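Read the structure below first, then the notes.
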Amino acid sequence: MFDTLQDRLAATFKSLRGKGRITEADIDETAREIRRALLEADVNLAVVKDFVAAVKERARGAELHGALNPAQQIVKIVNDELVTILGGETRTIRYAKRPPTVIMLAGLQGAGKTTLAGKLAVWFKGQGHSPLLVAADLQRPNAVNQLQVVGQRAGVHVFAPEPGNASSNDDLDRPRGNPVEVAKNSITEAERRLYDVVIVDTAGRLGIDAELMQQAADIRDAVRPDEVLFVVDAMIGQDAVNTANAFAEGVGFDGVVLTKLDGDARGGAALSIARVTGKPIMFASNGEGQRDFDVFHPDRMASRILGMGDMLTLIEQA
Amino acid sequence: NALGRGLLLLLSRDQIDEQTWEDFEDTLITADLGVGPTTELVDTLRTRFRVEGVADAGRAREILRSELLALLDPSMDRTIRADRTDTPAVIMVVGVNGTGKTTTVGKLARVLVAEDKDVLLGAADTFRAAAAEQLQTWGDRVGVPTVRGAEGSDPASVAFEAVKAGIEGEVDVVLIDTAGRLHTKTGLMDELGKVKRVIERQAPVGEVLLVLDATTGQNGLTQARIFREVVDVTGIVLTKLDGSAKGGIVVQVQRELGVPVKLVGLGEGVDDLAPFDATVFVDALLETA
Ligand SMILES: Nc1nc2c(ncn2[C@@H]2O[C@H](COP(=O)(O)OP(=O)(O)OP(=O)(O)O)[C@@H](O)[C@H]2O)c(=O)[nH]1
Ligand SMILES: Nc1nc2c(ncn2[C@@H]2O[C@H](COP(=O)(O)OP(=O)(O)OP(=O)(O)O)[C@@H](O)[C@H]2O)c(=O)[nH]1
Ligand SMILES: [Mg+2]
Ligand SMILES: [Mg+2]
């Protein structure tokens, strides 16, 4: 699929080669290919439409540029637009004026929150901070246990006063403990023991689950986070926008973390979410190991979404 | 939901114009059906409407629904092979990270227990933090034993031990949970193939269920292709259908690979597993979300 897409775009651009001007028909033809490429990359349809319209607009108004032929110009416009949206406001963690800095993780089930908690812990530790992990997922079977193992591997302390949903419970159908209480008490614990970063792991929840969304809002109010990070799987399809909007409304978030980027999903969700919520994508998670973690690179993501290893190669071919 | 609206529009306008068709196409794409299958479906419909001179809305709707259903081939065999022969029936559950494999094993065990079957779980995810504990909690919850190995031990040997215990204990079904792995990681995919081969030294693996998350987009097809190559997938479980995602990618998966969707996951509770019903699935696609 990767090759055919690249070939298809390359073919379109080739047909534009040598022309002195971009005609309306050229723009339409290219726009169709770009639309298809974005949809195959799982960019949300509404976002694709907006995006393609913007590209067409800019392509029409494009001044003939001495150094670039028309095809190169369109490629450049597409790339620029993508990078602008993806990189809108690049920034890293905002630290609290008075420690601890509190980071809360939220997202759908299985997105990679608990794994990310471990990665963040290692990352902060590497920068000389002293992080505390908080086990506020009392719902998924053995989530607390999982976070404890993660903490052990990262060499950081885990605040886990409640066992949550585990075999040691008397009543296996009713998880023990209150996640809001756990979250609240973790702040006191951090202040007392001088942890300067607190990372709160929460249960996965669906965008349409009003009750659990309220619980997330309650956890947020209890810890007053400096950063709420929305954790999302790079393989997500058209639903990315619904879900991102639901979390934006339900808990609100300050930044996005894209996970499982070590696979071959194009990750169009990055574009959809950045465009719709206007929140920056801050980190990329790309593996199961605790160091498989990086700050987000908008330019790399742009060529990944378009399925082109290197946009510049294409410009040269054009 | 755009699809529902698109259909209503499509059927209420006197003339089915270009805009209507585009709306319809859009709504299918929004359900993750994919550009290819959507274009094909719309083309088929256009032809049928023209050839048959479809004018009334009732008939148009019938055709739409039947074409969507045809894509899902309701005649496929979707039963779970869980009958004991000389050896226990062995079911392996595979898929990429976080899709709901362990949860599905737990819920499926519950269903089998309700059918009076003797079930045993094998925790062949020896990699992820607390994966075996998670499976064991599910086992405790539905009242079946779990065979575990040490963390970091060889998953194939845990699977082997589990099936061995199943044979010795003369159970009906052994359910093997495996670690999540991205289909792009050849080392991990080889490991999965080995787990299956090692099990088959003692008993055939009658069912390999690939768990796909309903939120997954176009990557789901690639996942299914590669898992099928490696372990010969016999059925799909589509999880997290209780959310807002429609899981449209399974249409392509089923059609291209001929592997039927057998079960759907509808929540995190013990009873939130149901047989896949093509009609229900199509109606959900057509319904307002
Ligand atoms: N390949 C890969 N796997 C990942 C990545 N991040 C997380 N995972 C895996 O994805 C699965 C789910 O990760 P978790 O951290 O448990 O996800 P979660 O969001 O905490 O899940 P819930 O608490 O159940 O909602 C695990 O198998 C992780 O090892 C990543 O960047 N790449
Ligand atoms: N809403 C909903 N959540 C589900 C469903 N199935 C599983 N989950 C949740 O999804 C998350 C991941 O489920 P697991 O069963 O741990 O997934 P897995 O595939 O075993 O994950 P790894 O072993 O880490 O690859 C958990 O929070 C589950 O409770 C479902 O059908 N609906
Ligand atoms: Mg978790
Ligand atoms: Mg699992």
Worksheet item: What do you reckon, is B:Asp242 surrounded by fewer than 22 Cβ atoms within 10 Å (Cβ to Cβ), more than 14 Å from chain A (Cβ to nearest Cβ), free of Cβ contacts under 8 Å to residues at least 40 places away in the same chain and not aromatic (Phe, Trp, Tyr)?
Response: no
Worksheet entry | Flag if B:Glu151 is surrounded by fewer than 21 Cβ atoms within 10 Å (Cβ to Cβ), free of Cβ contacts under 8 Å to residues at least 60 places away in the same chain and more than 13 Å from every other protein chain (Cβ to nearest Cβ) | no
Discussion item. Going by what's in this entry, would B:Val264 be described as more than 16 Å from ligand 3 (Cβ to nearest atom), closer than 30 Å to A:Ala210 by Cα, assigned to a helix (DSSP H, G or I) and in contact (Cβ under 8 Å) with a residue 12 or more places away in the chain?
Written reply: no
Item to complete: From the list B:Asp32, B:Asp73, pick out the single residue that is on the phi > 0 side of the Ramachandran plot, away from chain A (no Cβ under 14 Å) and at pLDDT 85 or above.
Response: B:Asp73
Practice prompt. Give me the pairs, please: first residue somewhere in region B:97-124 and closer than 21 Å to B:Gly152 by Cβ and among the small types (Gly, Ala, Ser), second residue anywhere and part of a strand (DSSP E or B) and within 16 Å of ligand 1 (Cβ to nearest atom), beta-carbon distance under 8 Å, and either six or more positions apart or on two chains.
Written response: B:Gly98/A:Asp233; B:Gly98/B:Asp213; B:Gly122/B:Asp177; B:Ala123/B:Asp177; B:Ala124/B:Asp177; B:Ala124/B:Thr178
Item to complete: State whether one or more residues within region A:124-133 are within 13 Å of ligand 1 (Cβ to nearest atom) and touching a residue at least 40 places away in the same chain (Cβ under 8 Å).
Response: yes
Worksheet item: Would it be correct to say that B:Ala132 is within 16 Å of ligand 1 (Cβ to nearest atom) and within 27 Å of A:Pro141 (Cα to Cα)?
Response: yes
Fill in: Number of positions in region A:262-277 that are closer than 18 Å to A:Val295 by Cβ and over 10 Å from the mean Cα position of the chain (by Cα)
1
Discussion item. Quick check on region B:79-105: of everything there that is more than 16 Å from ligand 1 (Cβ to nearest atom), assigned to a loop (DSSP other than H, G, I, E, B) and among the aliphatic types (A, V, I, L, M), which residue is nearest to B:Val237 (Cα to Cα)?
Written reply: B:Ile80
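Can you name every residue in region A:69-124 that is away from ligand 3 (no atom under 16 Å from the Cβ) and polar (S, T, N, Q)?
Initial filter on region A:69-124 (away from ligand 3 (no atom under 16 Å from the Cβ)): A:69-102, A:122-124.
Answer for region A:69-124, where residues must be away from ligand 3 (no atom under 16 Å from the Cβ) and polar (S, T, N, Q): A:Asn69, A:Gln72, A:Gln73, A:Asn79, A:Thr84, A:Thr90, A:Thr92, A:Thr101.
Scan region B:177-197 residue by residue and report those that are free of Cβ contacts under 8 Å to residues at least 60 places away in the same chain and within 14 Å of chain A (Cβ to nearest Cβ).
B:Ala179, B:Thr184, B:Lys185, B:Thr186, B:Gly187, B:Leu188, B:Met189, B:Glu191
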Worksheet entry | Number of positions in region A:230-258 that are within 15 Å of B:Thr184 (Cα to Cα) and more than 8 Å from chain B (Cβ to nearest Cβ) | 1
Discussion item. Condition first: of a type in the set (A, V, I, L, M, F, W, C), crowded, with 24+ Cβ neighbours inside 10 Å and away from chain B (no Cβ under 12 Å). Now tell me which residues in region A:103-132 satisfy that.
Written reply: A:Ile103, A:Met104, A:Leu105, A:Ala106, A:Leu120, A:Ala121, A:Leu132
Worksheet, complete the sentence: Going through (1) among the polar types (S, T, N, Q); (2) closer than 18 Å to B:Ala129 by Cα; (3) more than 15 Å from ligand 3 (Cβ to nearest atom) one by one, A:Gln127 fails only at (2)
Worksheet item: Somewhere in region B:135-147, is a residue surrounded by fewer than 24 Cβ atoms within 10 Å (Cβ to Cβ), under 21 Å from B:Gly267 (Cα atoms), within 16 Å of ligand 1 (Cβ to nearest atom) and of a type in the set (A, V, I, L, M, F, W, C)?
Response: no
Worksheet item: Only one residue in B:Ala114, B:Ala159, B:Ala132 is of a type in the set (A, V, I, L, M, F, W, C), within 24 Å of the chain's Cα centre (by Cα), surrounded by 17 or more Cβ atoms within 10 Å (Cβ to Cβ) and more than 13 Å from ligand 2 (Cβ to nearest atom), so which one is that?
Response: B:Ala159
Practice prompt. Kindly establish whether B:Gly122 is buried (at least 22 other Cβ atoms within 10 Å of the Cβ) and within 11 Å of ligand 4 (Cβ to nearest atom).
Written response: no
Worksheet item: Which residue pairs have Cβ atoms closer than 7 Å, lie 6 or more positions apart in sequence or on different chains, and pair a first residue in region A:203-216 that is facing chain B (nearest Cβ under 8 Å) and in contact (Cβ under 8 Å) with a residue 60 or more places away in the chain with a second residue that is charged (D, E, K, R) and near ligand 2 (Cβ under 10 Å from one of its atoms)?
Response: A:Leu206/B:Asp242
Worksheet entry | Among the candidates B:Val282, B:Val259, residue that is under 10 Å from the mean Cα position of the chain (by Cα) and either within 18 Å of B:Pro74 (Cβ to Cβ) or surrounded by 18 or more Cβ atoms within 10 Å (Cβ to Cβ) (or both) | B:Val259
Discussion item. Can you go through A:Gln148, A:Gln238, A:Gln152, A:Gln215 and tell me which one is under 28 Å from B:Gln136 (Cβ atoms) and either touching a Pro at 6+ places or on another chain (Cβ under 8 Å) or surrounded by 24 or more Cβ atoms within 10 Å (Cβ to Cβ) (or both)?
Written reply: A:Gln215
Worksheet item: Of all the residues that make up region B:128-147, how many are within 12 Å of chain A (Cβ to nearest Cβ), within 15 Å of B:Thr178 (Cβ to Cβ) and at pLDDT 95 or above?
Response: 6
Fill in: Residues satisfying the stated conditions in region B:254-271, i.e. of a type in the set (Val, Ile, Thr) and within 13 Å of chain A (Cβ to nearest Cβ)
B:Val270
Item to complete: Give the residue that is nearest to ligand 3 (Cβ to nearest atom), with candidates limited to residues of region A:286-301 that are over 12 Å from A:Val122 (Cβ atoms) and modelled with pLDDT of 95 or more.
Response: A:Glu288
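The values are calculated or read from the model by the stated rules, or taken from the named source; none is laboratory data. A quick note: this is a predicted structure, and the numbers were derived from the prediction, not measured. Cβ: placed from backbone, ideal geometry, glycine included. Neighbour counts: every protein chain shown.
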